[in-house]
Structures are given as structure tokens and as C-alpha cells.
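Have a look at the structure below, then the notes.
The values are calculated or read from the model by the stated rules, or taken from the named source; none is laboratory data. Not measured: the values here are computed from a predicted model. Heads up, the Cβs are rebuilt from the backbone with ideal geometry, glycines too, and the neighbour counts pull from every protein chain shown.
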Amino acid sequence: MGYSTMLMGKGFDQPRNSVKQIVQYLIENPFQTETEIQENVFDYFRYGYRQIETNKKYADLLRRGLQKGLYKRFLWKKKSDSRNLYRYYVPTSIKENFLKNN
């Protein structure tokens, strides 16, 4: 943990962010966007005055879970500026396995 993290008030006893947190959140709140996941799971706000740190580590966590197959996403809508907006969810088979093992 670096000095800048300590300045932001995150001490050494802070738990590390994990893909399991995303899975647990999506089980309880399916069909969320990337922004909703980052705000509600990690308390990270991508836009506005509350943005203190970069989005990269949270986006990487989300992609890591996708690569592991812990949750899936579907295209919800295309934005006018050529970006896509996805919704994330945990499939039933993975949900049952996750709940059994955790």
C-alpha cells in the first residue's frame, strides 16, 4: 500500500477488493452496469467531484471475473459516441456453486 493510499484515509487494515465481492453483489442485485457495480461494491465514482483515483483497477477486476466465467454480460444499449453499455449478471449454475462454497 502506497503513501497516497494512506493519505486518502485507507489504512493497512482495509480489505482488498476482490472478484468475489462483485459476484456476491451481482447475486443480490442482478443486471447492473459497470458504473453501478463500481459505485456500490467499491464505493468508487467514475464521474464528478468524488473521483480521486483511476478506474483501471476496478475495470481490471471486472474483466478478470468475466475471464474466469464467474459472471456474464449482455449488450444493453449502444451510445451515440460508439461506446457500448453492458449489464452484468451471475448465471444460475455459477450462483448455486458460489453459494455452496462460500
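Return a yes/no flag: does segment 33-56 have any residue that is assigned to a helix (DSSP H, G or I) and touching a residue at least 60 places away in the same chain (Cβ under 8 Å).
no
Scanning segment 44-56 for residues that are under 16 Å from Asn17 (Cβ atoms) and surrounded by 11 or more Cβ atoms within 10 Å (Cβ to Cβ) returns Tyr44, Phe45, Arg46, Glu53, Asn55. The set of residues in segment 29-56 that are among the charged types (D, E, K, R), in contact with a helix residue (DSSP H, G or I) (Cβ under 8 Å, 6 or more places away or on another chain) and at pLDDT 85 or above contains only Glu34.
If the condition is being modelled with pLDDT of 90 or more and either loosely packed, with under 14 Cβ neighbours inside 10 Å or at positive phi (or both), then segment 1-23 contributes only Lys20. Residue check: Leu26 meets all listed conditions (1) modelled with pLDDT of 90 or more; (2) assigned to a loop (DSSP other than H, G, I, E, B) but one, namely (2). Which condition number in (1) more than 27 Å from Lys100 (Cα to Cα); (2) touching a helix residue (DSSP H, G or I) at 6+ places or on another chain (Cβ under 8 Å) is the one that Ser80 fails? Unmet condition: (2). Scanning segment 57-76 for residues that are modelled with pLDDT of 90 or more, part of a helix (DSSP H, G or I) and either closer than 21 Å to Leu99 by Cβ or charged (D, E, K, R) (or both) returns Asp60, Leu61, Leu62, Arg63, Arg64, Gly65, Leu66, Lys68. Give segment 57-79 a look and list any residue that's surrounded by 15 or more Cβ atoms within 10 Å (Cβ to Cβ) and either more than 10 Å from the chain's Cα centre (by Cα) or without any contact (Cβ under 8 Å) to a residue 24 or more places away in the chain (or both), or say none. Within segment 57-79, Leu66, Leu70, Tyr71, Lys72, Arg73 meet the criteria.
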